[in-house]
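Everything on this sheet refers to the single structure shown next.
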Amino acid sequence: LSVKKPKVVFVLGGPGSGKGTQCANIVEHFGYTHLSAGDLLRAEINSGSENGTMIQNMISEGVIVPPEVTIKLLEKAIMESENDKFLIDGFPRNEENRAMFESVTGVVPEFVLFFDCSEEEMERRLLSRNQVAKWVGRVWSWVRWGNGQTWFEPKCGRVDDNIDTIRKRFKVFVDSSLSVINYYNSKGKVKKIDAGKPVAQVFEAVKAVFTPIDD
Ligand code: UP5
Ligand code: MG
């Protein structure tokens, strides 16, 4: 990436803190390209790649995939894009990922957006996303087969949105990911957002960060 010299903002925060939701808003208002590390990994599973099974197992357990896998996907997405400004959402999740990304790509983030939210609120959001996904699946199968009482429960939503994996994801966030935020904080690069509020209010705070640097 040394030739391309992309501008990168890391978007970090616990599971369900609203990273994906707010990134969609930032893209619309400020012209960044959104790269969710989790989405890239899930796409890799669906593409039937040789790493797919390993990634699937790790995501189901809420653990962090080896950094070389994630970094390769991010580099590829950056190189394939015409854009030069990127939101990297949900990465880096530990010190090893952070150090390897900086050394392999030579890219240092402009700043880090940190969505601060209580576990209680994040848990509520993830469980309700899971419920919504279940109902969408049921309605879809009812429309498709004309039978609400289908003989199978359609598989929808995210494999990691169950209470056991959600708790594991929280633990990984506290044990491994917070140290990345502390690292960038010590460099004065963290913009902390109160993410426990409704979506529109959170975006007001996000806008206040991006507006002065909008070019
Ligand atoms: N919602 C959003 N904002 C809200 C608000 N202000 N008020 C009320 N509701 C709000 O939002 C979650 C839900 O909450 C949605 O239903 C939304 O409508 C609602 P979302 O915007 O999706 O939150 P987000 O922070 O993106 O949550 P996500 O579940 O994606 O976070 P994770 O960090 O857990 O997921 P990610 O996809 O990044 O990673 C998944 C797994 O991939 C990891 O556990 C790990 O196993 C693996 N991974 C790696 O190994 N390495 C990586 O680098 C990245 C991922
Ligand atoms: Mg997300």
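Some observations on this one:
- Residue that is surrounded by 14 or more Cβ atoms within 10 Å (Cβ to Cβ) and within 17 Å of residue 111 (Cα to Cα), where the choices are 7, 72: 7
- The C-beta contact set for region 190-208 (first residue in contact (Cβ under 8 Å) with a residue 60 or more places away in the chain and farther than 23 Å from residue 108 by Cβ, second residue part of a helix (DSSP H, G or I) and acidic (Asp, Glu), distance under 8 angstrom, 6+ apart or interchain) comprises 196/121.
- Members of region 59-104 that are of a type in the set (Val, Ile, Thr) and under 21 Å from residue 186 (Cβ atoms): 88
- Tally of residues being at pLDDT 95 or above and either hydrophobic (A, V, I, L, M, F, W, C) or within 16 Å of ligand 2 (Cβ to nearest atom) (or both) across region 169-215: 21
- Residue within region 28-49 that is buried (at least 16 other Cβ atoms within 10 Å of the Cβ), within 16 Å of ligand 2 (Cβ to nearest atom) and part of a loop (DSSP other than H, G, I, E, B) present: yes
- Out of 88, 71, 59, 55, sole residue that is β-branched (Val, Ile, Thr), closer than 26 Å to residue 178 by Cβ, within 13 Å of ligand 2 (Cβ to nearest atom) and assigned to a helix (DSSP H, G or I): 59
- Near pairs, Cβ below 9 angstrom, 6+ apart or cross-chain, from region 58-86 (farther than 16 Å from residue 97 by Cβ) to any residue that is surrounded by fewer than 17 Cβ atoms within 10 Å (Cβ to Cβ) and of a type in the set (A, V, I, L, M, F, W, C): 60/159; 79/1
The values are calculated or read from the model by the stated rules, or taken from the named source; none is laboratory data. Every value quoted in this text rests on a predicted model; they were computed, and no experiment measured them. Note that we place each Cβ from the backbone using ideal geometry, even for glycine, and neighbour counts take in every protein chain shown.
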